[in-house]
1. Please state which one of Ile92, Ile84 is more than 27 Å from Arg15 (Cα to Cα) and free of Cβ contacts under 8 Å to residues at least 12 places away in the same chain.
2. Of (1) at pLDDT 85 or above; (2) within 29 Å of Ile127 (Cα to Cα), Leu21 satisfies all except one. Which?
3. Output the number of the condition that Ser122 fails; it satisfies all remaining conditions of (1) loosely packed, with under 14 Cβ neighbours inside 10 Å; (2) farther than 19 Å from Thr325 by Cα.
4. Out of (1) of a type in the set (Phe, Trp, Tyr); (2) modelled with pLDDT of 85 or more; (3) surrounded by 15 or more Cβ atoms within 10 Å (Cβ to Cβ), the odd one out for Phe367 is which?
5. Residue check, Arg239 against (1) over 18 Å from Leu24 (Cβ atoms); (2) in contact with a Lys or Arg (Cβ under 9 Å, 6 or more places away or on another chain); (3) surrounded by 21 or more Cβ atoms within 10 Å (Cβ to Cβ), all met but one. Which one?
6. Please specify each residue of segment 299-342 satisfying the condition of being without any contact (Cβ under 8 Å) to a residue 40 or more places away in the chain, more than 29 Å from Val243 (Cβ to Cβ) and β-branched (Val, Ile, Thr).
7. Just checking, how many residues over segment 343-355 are in contact (Cβ under 8 Å) with a residue 24 or more places away in the chain and part of a helix (DSSP H, G or I)?
8. So Gly150 fits all but one of (1) of a type in the set (Gly, Ala, Ser); (2) modelled with pLDDT of 90 or more; (3) surrounded by fewer than 22 Cβ atoms within 10 Å (Cβ to Cβ); what number is the exception?
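The values are calculated or read from the model by the stated rules, or taken from the named source; none is laboratory data. Note that the coordinates shown come from a computational prediction; the quantities given were computed from them, not determined experimentally. Ideal geometry is used to build each Cβ from the backbone, glycine not excepted, and the neighbour counts take in all protein chains shown.
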Amino acid sequence: MSAIANIFKIPELTRRLGWTLALLAVYRVGIYVTPPGVNRAAMREIVSSGSGSFLGMFNMFSGRALEQFSIFALGIMPYVTASIVIQLLSVILPPLMELRKEGEAGQRKINQYTRYGAVIVSTVQAIYLARYVESYNGQSTSGDVTTLHGWPFYLLTVIALTTGTAFIMWLGEQITERGIGNGTSLIIFAGIVAGLPHALMQTGEQVKIGGIQPVSLLIVSVLILAVISVIVFVELGQRRIPVHYAKRMVGRKMYGGQTSHLPLPVNSAGVISPIFASSLLMFPGTLAGMKIPFMDRVTAALQPGDWRYLVIYVLLIIFFTYFYTTLTFQSVDMADNLKKQNAFIPSVRPGRATAEYLDFVRSRVTFGGAIYLAIVCLVPTILQAQFHVPFYFGGTSIIIIVGTALDTVRQIEAHLITRHYEGLTGPRGPRIRGRRS
């Protein structure tokens, strides 16, 4: 309690936490704002009938906004999809490669292109979703899903959902800038956590009616606790590369001669790679709704729990883990900075040899991180399909919740330590720190 009380002794940290909670509250209120012409009771019935499929995944990542068919029904995923496309293009297209090298100014331009791309993606997905929802008219006991039909309904839906996605995008950027943590991850985190009470109630009802055996529930509970422990254990793991600083004379004083280390996290990509992989796997459903040939078969094959879905999901996680780590870890720049600081890695020559050594170590560490992410996301998903527990207990949702929580706590710890306060996790200082791997 004393550690938590330290938060409120720092005005800036208190203000940032207030901003984060207020903006997340705005997001949760917007979940219940519905465009005109939608029967929410019928929509909830349709989405509930597909809780373990594409609709269930889409509903989870949107914070259960899809079952309300709210203005936030598309969630933050169009922005994530646009971010994937822009980052892939930044490795291929020379103009975007030049922007990446321009530092902060170039990054602002890339972010602007990402926003434009998110609006385009959300417009396409909104058209698909409007047509998809209207196709369910007459299939619900609560009446038609839409009370409007044709182009009036399409136009209102596209405007409402695209505007809602743009507003969520703005909320995420404001959380990142003014609050604590990564705004995009926190919005997805808030949506998943908000659905957990309902998932627990569903699980309890299944146990009462005999749909889930108590032994199966115990096995799943133990598995979830084990997965959370593994996530925390690995997320704090680091490969520490020793760095020595050469001695140098400045006037009559001797400087340097110190020893430090360069920490390389086991999982540098964090929760980005599972989010990116899940976003891409939901995209064929959008194309199928646009009546693109063969996409309906692809969507039918890529259902959560299907072996084809699981194989592609694992491959995408490994790819995006390497891809995101490569974008964020610039070994050449790091080697140049070490050389400018008169620092060197023992037994490695400065310059190009240092950059090659860092790339070699980073590739080995990233391989372990990618395999860990794939296993953590895969195993609970398989057992969740076997024991028929709600989709919220899958590997993707668990790693997003735990990973985002760890990242947010790390940032709070950094604010506390900077101002000479004890951390959140121990009376003698922070325990959320890197563990040698």
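1. Working: Ile84 fails: free of Cβ contacts under 8 Å to residues at least 12 places away in the same chain.
The unique qualifying residue is Ile92.
2. (2)
3. Condition (1) is where Ser122 drops out.
4. Only one criterion is unmet by Phe367, namely (3).
5. Failing condition for Arg239: (3).
6. Val311, Ile312
7. Filtering segment 343-355 for residues in contact (Cβ under 8 Å) with a residue 24 or more places away in the chain gives 343-346, 355.
Subset that is part of a helix (DSSP H, G or I): 355.
Looking only at that region, the number is 1.
8. (2)
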